[in-house]
Amino acid sequence: MHDEPHHENELDEMTARVRALETILVEKGIVDPAAVDAIIETYEHKVGPRNGAAVVARAWTDPDFADHLRQDATAAIASMGFVGRQGEHMVAVFNTPEEHNLVVCTLCSCYPWPVLGLPPTWYKAPAYRSRAVREPRAVLAEFGVTLPETTRIRVWDSTAEIRYLVIPERPPGTDGMDAEALADLVTRDSMIGCGLPRHPETS
Ligand code: FE
């Protein structure tokens, strides 16, 4: 069951209400649309995904935490204070040289808000939702990720019941780095599976 209503050509009731409210506030000069965009941008790229990055960096540096994450991701993530709506039932999927994980919501836009913030627009687009399942390797290539043919791609379909967080592999050349520095390497896309973490020399 998916908890966000979705229609291809019409706005769902909540979106319509939000749009109407935004229009009124802008017309009355109460809010600046650029400020609204800036706030959304902040949650989409900065605040939200930084939580997930902290989870990933801790998994890279704390084997006990990584085990906890494998066994009960919801509890492990909650132990870091990241709780809330759309994150009640989390599963962490770990990338390995043999297997790469990619997350999609084929029906709508289910996404782990407490660790990743708001989903990017492309995540909600019909093209991503269908192609991620049909041709994940081609989709990854478009994101600039080319994996060896020997690496299997596993696609996870998010639902209202389960939200996935990809734990990418720790990049090489990061041995001396602490969790805070490592978190800076973890991109939002790498936690959806359509990107890889940055390497230290490029960040
Ligand atoms: Fe969904």
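The values are calculated or read from the model by the stated rules, or taken from the named source; none is laboratory data. As the structure is a prediction and not an experimental result, all values here were calculated from the model. Glycine gets a Cβ as well: all are built from the backbone with ideal geometry, and neighbour counts include every protein chain shown.
Tell me, yes or no, whether region 106-125 has at least one residue that is under 22 Å from Val186 (Cα atoms), of a type in the set (S, T, N, Q) and away from the ligand (no atom under 16 Å from the Cβ). Taking every residue of region 106-125 in turn, none turns out to be under 22 Å from Val186 (Cα atoms), of a type in the set (S, T, N, Q) and away from the ligand (no atom under 16 Å from the Cβ). Residues in region 67-106 that are in a helix (DSSP H, G or I) and in contact (Cβ under 8 Å) with a residue 40 or more places away in the chain were compared, and the one that is farthest from the chain's Cα centre (by Cα) is Leu69.
Only one of Arg154, Arg129 is charged (D, E, K, R), in a helix (DSSP H, G or I) and under 25 Å from Gln86 (Cβ atoms); which? From the options Arg154, Arg129, the qualifying one is Arg129. Only one of the numbered conditions (1) at pLDDT 80 or above; (2) within 16 Å of the ligand (Cβ to nearest atom) is not met by Ala20, and that is (2).
Within region 32-64, the set of residues being among the basic types (Lys, Arg), surrounded by 15 or more Cβ atoms within 10 Å (Cβ to Cβ) and over 19 Å from Val93 (Cβ atoms) comprises Arg50 only.
Quick one: is Ser158 under 14 Å from the mean Cα position of the chain (by Cα), within 16 Å of the ligand (Cβ to nearest atom), crowded, with 22+ Cβ neighbours inside 10 Å and not basic (Lys, Arg)? Taking the combined requirement at face value, the residue satisfies it.
Being in a loop (DSSP other than H, G, I, E, B), free of Cβ contacts under 8 Å to residues at least 60 places away in the same chain and among the charged types (D, E, K, R): is that true of Arg137 here? Criteria not met by Arg137.
Out of the residues in region 161-201 that are assigned to a loop (DSSP other than H, G, I, E, B) and among the hydroxyl-bearing types (Ser, Thr, Tyr), state the one that is surrounded by the most Cβ atoms within 10 Å (Cβ to Cβ). So the residue we want is Thr187.
Residues are listed down the side, and each one gets a yes or a no for (1) modelled with pLDDT under 95; (2) within 22 Å of Pro120 (Cα to Cα); (3) in the same structural domain as Leu118 (by TED's automatic domain parsing):
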{"position": "Val26", "(1), (2), (3)": "yes, no, no"}
{"position": "Val31", "(1), (2), (3)": "yes, no, no"}
{"position": "Val55", "(1), (2), (3)": "no, yes, yes"}
{"position": "Arg58", "(1), (2), (3)": "no, no, yes"}
{"position": "Asp62", "(1), (2), (3)": "no, no, yes"}
{"position": "Arg70", "(1), (2), (3)": "no, no, yes"}
{"position": "Thr74", "(1), (2), (3)": "no, no, yes"}
{"position": "Gly81", "(1), (2), (3)": "yes, no, yes"}
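Residues that are assigned to a helix (DSSP H, G or I) and among the hydrophobic types (A, V, I, L, M, F, W, C) were ranked within region 140-151; the one that is surrounded by the most Cβ atoms within 10 Å (Cβ to Cβ) is Leu140. A search for C-beta distances below 9 Å between a residue of region 143-160 that is more than 19 Å from Pro97 (Cβ to Cβ) and any residue that is of a type in the set (Gly, Ala, Ser) and within 12 Å of the ligand (Cβ to nearest atom), counting only pairs 6+ apart in sequence or on different chains, returns Ser158/Ser109.
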